[in-house]
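S.K.: My structure is below; once you've seen it, I'll send some questions.
The values are calculated or read from the model by the stated rules, or taken from the named source; none is laboratory data. The model shown is predicted, which means the values in this text are computed figures rather than measured ones. Every residue, glycine among them, receives a Cβ derived from its backbone with ideal geometry; neighbour counts consider all protein chains shown. In case anyone asks, the SASA skips ligands and DNA or RNA and just uses the protein heavy atoms, side chains included. Shrake-Rupley method; radii C 1.70, N 1.55, O 1.52, S 1.80 Å.
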Amino acid sequence: FINHLRGTIEDGSLVSFWGGQREVTKQKHTEYALRESEHRYRTLVELNPNPVIVHGDAGIEFVNAAGADLLGAGAADDVHGRPLSDFMEPAAATELRRRARQPDAPQANTFEPTEMHRLDGTPITVEVASSHILYRGQPTVLSVVRDPDSGPVGQRLLTDASELEKAHE
């Protein structure tokens with residue numbers, strides 16, 4: 001419950017008071033569920049082995065550890081605020097944002113081959129799927145990046161397990 005009281009004091013004495021009480025159990029449960037959901041999804045994104053990058057007009061606003069590694073940065077802070085065109089040709093970065101802002105287009109949210117380069121200039125070919133989102137109240141683009149040579153995660157795990165078995169034979 002949230003309680004509030006107001007009073008009137010005259011000549012140093014309380015002469016009247018009034019107040020109210022509001023039941024907030026549902027609101028508290030909703031707030032807890034929201035915090036739990038935010039924690040779950042933040043953990044999912046931060047531990048994702050695929051690079052996840054949130055970028056907008058203000059540059060890169062979020063990158064997980066896999067993304068910082070892909071971009072050749074020691075830490076995520078090394079790339080925060082940098083324009084995406086630092087890692088792609090400006091035309092490719094513009095095309096990526098354009099595709100992300102067309103959620104009903106057939107090519108939207110599909111992995112597209114993209115040329116990028118690391119901080120040291122090393123070129124890399126990746127596949128990127130992007131979607132338009134709001135991040136901290138501002139329109140941005142969420143991009144998930146993957147290595148086209150690695151195949152689906154399940155296939156990599158099967159291949160790794162198979163190679164491990166052969167090594168133990």
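S.K.: How high is the FRET efficiency between ASP69 and SER131 when r is their beta carbon distance and R₀ equals 22 Å, given to the nearest 0.05?
M.R.: The calculated FRET efficiency here is 0.50.
S.K.: Express the C-alpha Rg of the stretch 1-153 as a ratio against the empirical globular expectation 2.2 N^0.38 Å, rounded to two decimals. It would help to have the intermediate numbers written out before the result.
M.R.: Details: Rg = 23.9 Å, N = 153, 2.2 N^0.38 = 14.9 Å.
Compared with the compact-globule rule of thumb, the stretch 1-153 sits at 1.61.
S.K.: Next question, about the same structure. To the nearest 10 Å², what's TYR32's accessible area with a 1.4 Å probe?
M.R.: Here the residue's solvent-accessible area equals roughly 130 Å².
S.K.: Also, quick follow-up: Which order do you get for HIS117, HIS39 if you rank them by accessible area with a 1.4 Å probe, largest at the top?
M.R.: Highest to lowest solvent-accessible surface, that is HIS39, HIS117.
S.K.: With label points built 7 Å along Cα→Cβ from the Cα atoms of THR30 and ASN3, find their separation and express it in nm.
M.R.: In this crude label model, THR30 to ASN3 measures out at 2.5 nm.
S.K.: Taking the full set of protein chains and a 1.4 angstrom probe, give the accessible area of SER131 in square angstrom, rounded to the nearest 10.
M.R.: Its accessible surface works out to 40 Å², give or take rounding.
S.K.: Not counting ligands, DNA or RNA, and with a 1.4 Å probe, what is THR30's accessible surface area in Å² rounded to the nearest 10?
M.R.: Approximately 80 Å² of THR30 is accessible to the 1.4 Å probe.
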